[in-house]
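J.: There's a structure below that I have some questions on.
The values are calculated or read from the model by the stated rules, or taken from the named source; none is laboratory data. Predicted model, so just to flag it, every value in this text is computed and none were measured. Note that each Cβ is placed from the backbone with ideal geometry, even for glycine, and that neighbours are counted across all protein chains shown.
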Amino acid sequence: MLGAIIGDVIGSVYEWHNMKSTEFPLYSRFTRFTDDTVLTVAVADAVLSRNKQKNRLADYLASKQLYASRYRQYYHWFPDAGYGQKFEEWAKNRSSKPYRSYGNGSAMRVSPIGFASQTLEEALAESRRSAIVTHNHRHGIKGAQAVAAAIFLARHGESKAEIKDYIQRKFKYNLEQSLDEIRPTYTFDPSCQGSVPQAIIAFLESDHFEDAIRKAISIGGDSDTIACIAGGIAHAFYKEIPSEMASDVMLKLDPRFRSIIREFNSKYEIPM
């Protein structure tokens, strides 16, 4: 999941100052983690907690409650990370119900599930649970499942062609456009259907991890989230992240995040 976090951190300064090129500084004094990172770590924390208490938390309802609990807990720990208005309203009220969102929040936080799942079926089921507590619109669920599936397939050695074919068949996303076709007219679109396919295409066109981050940001739009999604898939596919990128971003994170990341990577044998 560190690849997703790196995408968020690097993309944070370009969300409102879009780039239309792959040539840009990776970091500035304004570079920071956003809600994408906070909730990605919240999902990782939930996955670790669920596995530690497997007998007690094996049922569907308890699993959903665990995700909801972690999202609210992390929101209250980091209330100024840049959440959407609907999520903030939901997080502040423990009795809140899902708000039928199809925003890309469900997709940007899901990467730990793709890494932790033992089967593709588990990745699909668990990503649905992680989404549905807030994003119970079919497009919100589909966005989370598509990203988790792409990460699972990438981690387990499927080729880019195989990943592309599966995502297109299963989720009906159009992955035939090139970034050069998307870039000139692409604008800010925080929906799953308007950003998840573009993030996957950025990964598919990349040559290595950093290239995936640069290409994701280069189309503009919701840059931190598109880079977060692309970065998670790229980490799973390319296996390793340049050490300097990893160390630079880890230094920008809260110590609680670093602890969860290290525990998660150790448990699931994920190279940095």
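J.: For the subset of segment 85-124 comprising residues that are in contact with a Cys (Cβ under 8 Å, 6 or more places away or on another chain) and not in a helix (DSSP H, G or I), which member is farthest from F257 (Cα to Cα)?
T.: Y102
J.: If I filter segment 240-261 down to residues being charged (D, E, K, R) and assigned to a helix (DSSP H, G or I), which single residue comes out as nearest to the chain's Cα centre (by Cα)? Break it down into steps so the answer makes sense when it comes.
T.: Of all residues in segment 240-261, those charged (D, E, K, R) come to 240, 244, 248, 252, 254, 256, 258.
Then keep just the ones that are assigned to a helix (DSSP H, G or I); that gives 244, 248, 256, 258.
Values: E244: 21, D248: 19, R256: 19, R258: 17 Å.
Restricting to residues being charged (D, E, K, R) and assigned to a helix (DSSP H, G or I), the top hit is R258.
J.: Tally the residues that are at pLDDT 95 or above and either surrounded by fewer than 16 Cβ atoms within 10 Å (Cβ to Cβ) or not in a helix (DSSP H, G or I) (or both), restricting the search to segment 2-16.
T.: Qualifying residue count, segment 2-16: 3.
J.: Failed condition for K142, given (1) in contact (Cβ under 8 Å) with a residue 40 or more places away in the chain; (2) under 23 Å from Q73 (Cβ atoms), with all others met?
T.: (2)
J.: Okay, moving on. Please count how many residues of segment 201-239 are in contact (Cβ under 8 Å) with a residue 40 or more places away in the chain, within 18 Å of V9 (Cα to Cα), assigned to a helix (DSSP H, G or I) and touching a Leu at 6+ places or on another chain (Cβ under 7 Å).
T.: Number satisfying all stated conditions: 2.
J.: So, one more: Working only within segment 231-268, note down all residues that are within 14 Å of F115 (Cα to Cα), of a type in the set (G, A, S) and surrounded by 14 or more Cβ atoms within 10 Å (Cβ to Cβ).
T.: Of everything in segment 231-268, those that are within 14 Å of F115 (Cα to Cα), of a type in the set (G, A, S) and surrounded by 14 or more Cβ atoms within 10 Å (Cβ to Cβ) turn out to be G231, G232, A234, A236.
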